[in-house]
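Undergrad: Below is one structure. I have some questions about it.
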Amino acid sequence: MTNDFWTPQFHLFPPQGWMNDPNGLCQFKSVYHAFYQYTPEWPANELRFWGHAVSKDLLSWETLPIAISPDAACDKDGAFSGSAWIETRNTAADGCGHGDNAAAGEVMRLFYTGNVMDETHSEADGIDVGREAYEVMVTSEDGRSFSPKRVVLKPADYPDTCTNHVRDPKVWEQDGVLRMLLGTRERDAAAGNEKSADERHDSGAVLIYDSSDCGKSWTLHSVIRGANALGHREAFGYMWECPFLVQLDDQEFLSVCPQGLSEGASTEPSAGTEPSAGTEPSVDTNPGADASKGSRLSDSVNLQENASSEPLDKWQNIWQSGYFPLPEGQKLINVETVSTDNFVLWDHGFDFYAPQTFVDDSGRTILIGWMGIIDPIYHSYPAGIGFCHNLTLPRELSLSDNGVILQHPVKELDAKRRECVEFVADAVVKIDQLSADI
């Protein structure tokens, strides 16, 4: 345990440099693995690697060597986000042929997006030209050494409605078939080929691919887009990143990170909601939170005139992270649209993005996110600390009686609690330690 005041004691953080999206979260041979987007030479270099750490309790993490480096033609400009799928073999003859002498047991398969940029093009973000995205697979039988890279999807395999922004494979097995979700930015068809990306109204979408050979080859299954209450297609941000499926008690949810949502109660600000000169704040008397005890000490302040009943901090983050509940009994693989009116934020904090879930050996669905956000320049990190950002504490997901996803800190945190102190209202409580639960 470090004595450095700024070093997290329970959150996963990088040994140096920059950390962002959690990747490849899994439990493999009883050990928890967390990979993550890692830039070891930040701020001098922004090239993304896959960092790697392991834990037995989700709180104490051991940093391992870099798992994936951008050292091939298919990922020369970054090993971007992805996921893990654990293949289980009952006999050596089962499975997908990881090796000629593959033994029975578990095999870890990692899938990620290889980023390739063409520096001869002036368009920096490579929306229409100058970028290629490859989906890449590596495997491991011990969780520490990894096979050569295998490209499983290339640019020609994506629908022609997509721009060059296709990324973040999330792989799982369902109904005996391996599935993959990819986030994408679809070109505004009504704009034609004459308008630039800045002039169009592109929209986010999710691609679903299927594999019958354990991820070595894939075929397009469907495209999922946003739709309004009438079922008409509706853009909900211009790009959907980091998609994944949540399955709780036979209920399914599609999680995405939509980029381009405006602040306010809808995807576009409605008339009369912008603050005007001289506007007097109104008070929202919502007692706050969903805790069974206690309430917010001060009223929240609404700086908008004629405010609606929507949450006051809706879309206040720069980039959002949330989920679409599917209709009861519906499977994601069978839907073509999700209702943009039903989008639910995972977190209302400003520094939360790109979460990912996995199911551990005990059947828990666990979510971990990045305690940071893209685009802002973080100038305020303490001098000499040597790293920037960490991941959130793990949260266990469950389903309420009315179909709402509940998030609770994992039970492993209970072991870190100290003596319970009870007190009555108006009492003065002296706390000798730096932290306590009240």
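Undergrad: So, Asp361, is that one surrounded by fewer than 18 Cβ atoms within 10 Å (Cβ to Cβ) and touching a residue at least 40 places away in the same chain (Cβ under 8 Å) or not?
TA: Values: surrounded by fewer than 18 Cβ atoms within 10 Å (Cβ to Cβ): yes; touching a residue at least 40 places away in the same chain (Cβ under 8 Å): yes.
When the stated conditions are applied, Asp361 passes them.
A quick yes/no check of all residues on (1) under 20 Å from Gln259 (Cα atoms); (2) of a type in the set (Phe, Trp, Tyr); (3) over 23 Å from the mean Cα position of the chain (by Cα):
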{"site": "Leu178", "(1), (2), (3)": "no, no, no"}
{"site": "Ser196", "(1), (2), (3)": "yes, no, yes"}
{"site": "Tyr209", "(1), (2), (3)": "no, yes, no"}
{"site": "Ser212", "(1), (2), (3)": "no, no, yes"}
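Undergrad: Also, quick follow-up: Of the residues that sit in the stretch 198-227 and are outside any strand (DSSP E or B) and in contact with a Ser or Thr (Cβ under 7 Å, 6 or more places away or on another chain), which one is modelled with the lowest pLDDT?
TA: Asp202
Undergrad: Looking at the structure I just gave you, is Val152 modelled with pLDDT of 95 or more, over 25 Å from Ser30 (Cβ atoms) and touching a Pro at 6+ places or on another chain (Cβ under 9 Å)?
TA: yes
Undergrad: Please state which one of Gly143, Gly130 is buried (at least 17 other Cβ atoms within 10 Å of the Cβ), among the small types (Gly, Ala, Ser), within 23 Å of the chain's Cα centre (by Cα) and assigned by TED's automatic domain parsing to the domain that holds Ser212.
TA: Checking each option against the conditions leaves just Gly143.
Undergrad: Would you say Leu397 is aliphatic (A, V, I, L, M) and either assigned to a loop (DSSP other than H, G, I, E, B) or closer than 19 Å to Ala354 by Cβ (or both)?
TA: yes
Undergrad: Next question. Give the residues of the stretch 25-48 that are part of a loop (DSSP other than H, G, I, E, B) and surrounded by fewer than 21 Cβ atoms within 10 Å (Cβ to Cβ), sorted by residue number.
TA: Within the stretch 25-48, Lys29, Ser30, Pro40, Glu41, Trp42, Pro43, Ala44, Asn45, Glu46, Leu47 meet the criteria.
Undergrad: Sticking with this structure for a sec: Exactly one condition in (1) among the polar types (S, T, N, Q); (2) modelled with pLDDT of 80 or more; (3) touching a Pro at 6+ places or on another chain (Cβ under 6 Å) is not met by Ser262; state its number.
TA: Of everything listed in (1) among the polar types (S, T, N, Q); (2) modelled with pLDDT of 80 or more; (3) touching a Pro at 6+ places or on another chain (Cβ under 6 Å), Ser262 misses just condition (2).
Undergrad: Right, another one. Collect the residues in the stretch 377-401 that are exposed (fewer than 13 other Cβ atoms within 10 Å of the Cβ) and at pLDDT 90 or above, keeping them in residue-number order.
TA: Ser400, Asp401
Undergrad: Can you tell me which residues in the stretch 69-99 are modelled with pLDDT under 90 and either surrounded by 16 or more Cβ atoms within 10 Å (Cβ to Cβ) or outside the structural domain of His52 (by TED's automatic domain parsing) (or both)?
TA: Arg89, Gly95, Cys96, His98
Undergrad: Further, regarding this structure: Could you please find all residues in the stretch 49-73 being among the polar types (S, T, N, Q) and outside any strand (DSSP E or B)?
TA: Ser60, Ser69, listed by residue number.
Undergrad: If you don't mind, another one. Do we find a residue being at pLDDT below 95, surrounded by fewer than 17 Cβ atoms within 10 Å (Cβ to Cβ) and hydrophobic (A, V, I, L, M, F, W, C) anywhere in the stretch 101-109? Steps first, answer last, please.
TA: Initially, the stretch 101-109 is screened for residues at pLDDT below 95, giving 101-106.
So of that shortlist, the ones also surrounded by fewer than 17 Cβ atoms within 10 Å (Cβ to Cβ) come out as 101, 103-105.
The next check asks that each one be hydrophobic (A, V, I, L, M, F, W, C); those that pass are 103-104.
Yes - at least one qualifying residue is present in the stretch 101-109.
The values are calculated or read from the model by the stated rules, or taken from the named source; none is laboratory data. Only a predicted model underlies this, so the values are computations on that prediction, with no experimental measurement involved. Don't worry about glycine lacking a Cβ; one is built from the backbone with ideal geometry, like all the others, and counts go over all protein chains shown.
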